[in-house]
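Have a look at the structure below, then the notes.
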Amino acid sequence: MVPSPRSRNHMDSSIIASPAGKRGRNSSVILTDRLCEKRVAKRTKFYDRKCPGLYVSITTAGVATFSFKFTDRQTGKQRTGWLGVYNPETFTVEDARSKVYGLKGMGGEALAETYRDQKAAKTKRGKTVAEIIDERIAWMKTLVKKPDGEMRPRLESWENTASHLDRFIRPRLGKKLAMEVTKHDIATLSNDIVGGKFGKPSVSNARHMRKAASGLFEWAAEAGRDYVTASPCVNLPKLDPEHPRTRVLSEDEIRTFWHGLDRADLPWDRKTRLALKLELVTMLRSRELLGAHRDELFDLDGEHPRFDVPLKRVKKRRVIQQPLSDLAVEITQEALTSDDQQYVFESPMYKGQPIHRKAMADALRGTKHEKNKDKTKTAGLCELLGLKPFTPHDLRRTAATLAGDLGFDDAWIAKCLDHAASKKAEVVVPTVTGKVYNHSKRMKEKRAVLDGVAAELRRIIGTPVVNAQKQERDKIAA
C-alpha cells in the first residue's frame, strides 16, 4: 500500500531539501518523464516537489540520472543515494519516486547501509569507456582450455574486436563514463564512420563497430561487473545493406595472374605467390592455408591426397579435411623445399614460422609508406600485372564460379568452401580415420569438384595434366 502524502512527509524526517541558495540554478519542480527527456546546454539538476530529496541530473548527452539526498543519522552528514538512469520503458519518474518511498521506510541504519552498497556500485559505474575497453580486451585474450585440449584466447578473434574498439570507440567515447553512453552516441559514431570521418566511408566498419560495442556493453552489464545498467546498443537505426563482393577473375585474368606469378622479376617471395595459387586451387581461406604444417598433409604421393586443417584455424571452429587435386599437390610439393621444413609456406624472414596471415593480401595490393599513406612502398601484384584489384578471398569466389560453370551442384561447391556442415560437425572433431573418411560420400563430392576446377585451370593456363590418373577419381556414390 502506497503511503499518503501526509504520512510520507512524516516518515521523511531524515530527508533535507537542497540549500536555498542553489535553487536558482537547480530548479525545484514537479518531475515528469518529459522533463527527463529535455536537452540541456550544461549538466542541470531538477528537484522534485512531490517527493522531497528526489532529484534528476541531466547531462548534455541526454542522460538523466535519478538520485536522492538524505541525512545519515549516524554521522549527521548529508548523503546522496544513486537510484538509476531514466528509461521511458523501464525506469520512469514514478518508479524513482516509489523507490525513494521504499527507502524512507527502511529506517536510518538500513538507509545508511544501502547508501554504502550504492557507493560501491557507483565506484563501478564511475569507470570510463576506455577503462572497460582495457578490461574487455584483457578478458578476451585470456588463455583458456578449448574443447581440443589446447590453451588459446577466450575469444580467438579478439584481435579484430580489439581493433574496432581501439580505432573507433576509444577515440570518440574513451573519456566518457560508460554509464553515460547513450544510444545517440553509438548512432552518431556509426553515422560518422559511414560518412567518412574515420577514413574511407564504410558501412562494413560501422557494422563491425556496432558489434564490438554491443559485446563491450553487454559484457559490462553482466552481474558481477555492473559497470553499466544496460547496453546503449539497442534499437539503433538500421544501416544500409552492404553490397556483397562480386569480383571474379575472367579466363584472361586467370591466365595473366597465374603466369605472372612465375615471373622472376617480381618483388614478392615465391612462397607467397605459391600460396596465392593454392588458394585458387583449393578454395580454402587464407588463414586456413597459410598455417599449413607438414603433419597436416596426407598421402601426397597416393591416390587420396588431402590437407587436414585443424579447428583452431577454421572460421567455424571445426576440422576441415580438404582433398588435394594433382595441381594442388604440385604446388604443395614445390613449396616444401626441404625435408626439414615444417611449414609449407615458411616465412623467408623468420625461420620455422609460417608467413604472415596478411602476406597474400599485401602482395596483391602492395604496401604503403608509414609516413605517406598515398605513396606506394612496394607495388602489388595486381598493379605489376595490370589487373583490376582483387583480394585473396576473390580467388575462392573465382574457383567456386568455375565449379558452378562446370555444372557441379551448389551443395557440393558449398562443402568445398566449408559453408555447409551439420550442427554436429560444427562442434565435434571427426573421430573416423582418414582412410574411412576419404571414402565417404562427402569427401568424394569435394574431390570431384576440386579435381574438376584443377582440370579447368589447366585448360585456361595451358598446362597439361601431369598425372592423367588423377582425372579418373572414384565415381560419386549413388
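Read-outs throughout are calculated quantities, based only on the coordinates presented, and are distinct from any laboratory measurement. Owing to the predicted nature of the structure, the values given are computational and were not obtained by experimental measurement. Cβ placement follows ideal geometry from the backbone for every residue including glycine, while neighbour counts extend to all protein chains displayed.
Distance between the pseudo-spin-label points of residue 230 and residue 141 (7 Å out from Cα toward the beta carbon): 3.4 nm. Once backbone amide H atoms are built at 1.01 Å from N, residue 87 has 92 as its partners under 5 Å, excluding neighbours fewer than 5 places away on the same chain. Between the amide H of residue 320 and those of 309, distances stay under 5 Å, these residues lying 5 or more places away or on another chain, with hydrogens modeled in the peptide plane. Extension gain, residue 356-residue 156: 0.36 nm per intervening residue step, less the Cα-Cα distance, totals 70.3 nm. Compute the Cα gyration tensor for region 308-417, then decide on rounded, prolate or oblate, letting a ≥ b ≥ c be the square roots of its eigenvalues: rounded whenever a/c is under 1.5, prolate when a/b is larger than b/c in the other cases, and oblate in all that remain. Taking the square roots of the gyration eigenvalues as a ≥ b ≥ c, region 308-417 is oblate. Note on residue 383 and residue 247: with the Förster distance fixed at 22 Å, the Cβ-Cβ geometry gives a FRET efficiency of about 0.90.
Against the empirical curve 2.2 N^0.38 Å, the C-alpha radius of gyration of region 129-220 lands at a ratio of 1.15. Cβ crowding within 10 Å, taken as a proxy for footprinting-reagent exposure, orders 451, 134 from fewest neighbours to most as 134, 451. Here residue 270 and residue 401 are evaluated by their C-beta separation; at R0 = 30 Å the FRET efficiency comes out at 0.65.
For region 129-220, the relative contact order is 29 percent, taking Cα pairs closer than 8 Å that sit 6 or more residues apart in sequence and dividing their mean separation by the residue count. Amide H to amide H, with H built 1.01 Å from N, residue 239 comes under 5 Å of no residue 5 or more places away or on another chain. Spin-label model, residue 166 to residue 148: label points 7 Å out along the Cα-to-beta-carbon direction sit 2.6 nm apart. Annotation for residue 34 and residue 300: the two label points, set 7 Å from Cα along the Cα-Cβ direction, are 7.8 nm apart.
In a fully extended conformation the segment linking residue 414 and residue 391 would gain 6.3 nm over its present Cα-Cα distance, using 0.36 nm per residue. What FRET efficiency do you get for residue 293 and residue 61 if R0 is 41 Å and r is their Cβ-Cβ distance, rounded to the nearest 0.05? Between residue 293 and residue 61 the formula returns 0.20. Per-residue 3J(HN,Hα) values for region 298-305, derived from phi via the Karplus relation 6.51 cos²θ - 1.76 cosθ + 1.60 with θ = phi - 60°, read 9, 6, 4, 9, x, 8, 10, x Hz in sequence order (x marks Gly and Pro).
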